[in-house]
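Here is the structure we will look at.
The values are calculated or read from the model by the stated rules, or taken from the named source; none is laboratory data. None of the values given here were measured: they were computed from a predicted structure. Positions of Cβ are generated from backbone atoms using ideal geometry, with glycine treated the same way; all protein chains shown enter the neighbour counts. Only protein heavy atoms, including side chains, enter the accessible area calculation; ligands, DNA and RNA are left aside. Shrake-Rupley method; radii C 1.70, N 1.55, O 1.52, S 1.80 Å.
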Amino acid sequence: MTKENLGLPVGTTLDRFIKRKQDDFPYATGELSQLLRDIALAGKIINREITRCGLINLAGAFGATNVQGEEQQKLDIVANIRFIRALRNGGEVCAIISEEEEGIIDLDNPNGKYVVAMDPLDGSSNIDVNVSIGTIFSIYRRKSPTGTPITDADVLQRGVEQVAAGYLLYGTSSILVYTTGYGVNGFTYESSMGEFFLSHQSIKSPEDGKIFSVNEGSYNSFDAGVKEYIEYCKASEFSGRYIGSLVADFHRNLMKGGIYMYPATASAPNGKLRLIYECNALAFIAEQAGGRATNGQQRIMELAPGKLHQRTPLFIGSRKMVEQVGAILNQHELQRSAVDTL
Ligand code: AHG
Ligand code: MN
Ligand code: MN
């Protein structure tokens, strides 16, 4: 039996699954396992807040903007606090990078081995309208020795250095999907029992698909290559599906086959999405499921982040679709450089 396919029956609890995985690694100390459990716990709490937010005055704007100048919703703040608290209490993490905080969150736990990057609530414009939203997380092993202060090198790691990553999707049913680099598994939340149960074992994404997800409102400011690919999708009568929550759009395409694109636009010349706590985690999941993730030219997970809140264009999903849009973009790039040298 491979580490990827544990042969565990559907309905296995997340705790049992994590334990079983840990047993495959004789030298594992259990710290990563504990960290995954802490994330699942925070996810349960956030799921609870989301499902009742219309009743307890948690919907709506908080009245402040985050470091990216985006309006923060009350649940953005709540999710951020809940995750930080769960990771602090868990004791495995030394530092957190969050979409909602400008700097590194130093947990004052120099013996913590791990760094977590997170988008505590993704798709926050959808909170008030009962549309699926999510949480995205990446886990890195710190570079500096334990017992010493956090360094930039600890938090500015490339996606290829992730030891685990995943997302929680709070939707028609809530699901935790994660990878530790040995395939992708999904756990559906059973709220009456307060447990995540294995429901999607060794997820493999279709290598091709017929769904394209992009905010076409920005079409006029897309590069010619992106426009050409969108026209190809339309000519092929693919389905356009875009909900405005990256996690939800990504999850649907992962399961059904499709591509999600957030290219550069006039108002977001480097794209809108953040490399460290949005794109890298989903890229790790996509690749582990057989898909791809690029910025148009380069593999997302190989990009070296220069700053915490760095943005990148994102093309992610089924392998053939991401490769095809990449080929079109390269063609346009070649034509542009040929014109430049005239
Ligand atoms: P967040 O709520 O964490 O700021 O992320 C929102 C992101 C992503 O979830 C979504 O796909 C995208 O922004 C939507 O942006 P547009 O409204 O520009 O399409
Ligand atoms: Mn987001
Ligand atoms: Mn967010």
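Mind checking which residues of the stretch 221-271 are among the β-branched types (Val, Ile, Thr) and part of a helix (DSSP H, G or I)? Write out each step before concluding.
Within the stretch 221-271, the subset among the β-branched types (Val, Ile, Thr) is 226, 230, 243, 247, 259, 265.
Of everything in the stretch 221-271, those that are among the β-branched types (Val, Ile, Thr) and part of a helix (DSSP H, G or I) turn out to be Val226, Ile230, Val247.
Considering (1) closer than 24 Å to Ser239 by Cα; (2) surrounded by 22 or more Cβ atoms within 10 Å (Cβ to Cβ), say which one Phe187 fails and leave the rest.
(1)
Go through (1) under 19 Å from Glu333 (Cβ atoms); (2) at pLDDT below 95; (3) not charged (D, E, K, R) one by one and return the number of the condition Gly296 breaks.
Evaluating Gly296 over (1) under 19 Å from Glu333 (Cβ atoms); (2) at pLDDT below 95; (3) not charged (D, E, K, R) leaves (2) as the failure.
Given the residues Glu287, Glu278, Glu302, which is the only one that is within 16 Å of ligand 3 (Cβ to nearest atom), of a type outside the set (A, V, I, L, M, F, W, C) and more than 23 Å from Ala224 (Cβ to Cβ)? Even if it seems obvious, please write down each step before you answer.
Details: Glu287 fails: within 16 Å of ligand 3 (Cβ to nearest atom); Glu302 fails: within 16 Å of ligand 3 (Cβ to nearest atom).
Matching residue, one of Glu287, Glu278, Glu302: Glu278.
Considering only the stretch 18-133, give the strands (runs of 3 or more DSSP E) lying wholly within it that have at least 1 residues that are open to solvent by less than 20 Å² (accessible area, probe 1.4 Å) and away from ligand 1 (no atom under 13 Å from the Cβ).
93-98, 114-122
Read through the list (1) surrounded by fewer than 16 Cβ atoms within 10 Å (Cβ to Cβ); (2) within 30 Å of Arg20 (Cα to Cα); (3) out of contact with any helix residue (DSSP H, G or I) (no Cβ under 8 Å at 6 or more places or on another chain), then give the number of the only condition that Glu207 fails.
The one condition Glu207 does not meet is (3).
Yes or no, residue by residue, for (1) open to solvent by 30 Å² or more (accessible area, probe 1.4 Å); (2) part of a loop (DSSP other than H, G, I, E, B):
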| site | (1), (2) |
| --- | --- |
| Gly306 | yes, yes |
| Val325 | no, no |
| Gln335 | yes, no |
| Ala338 | yes, no |
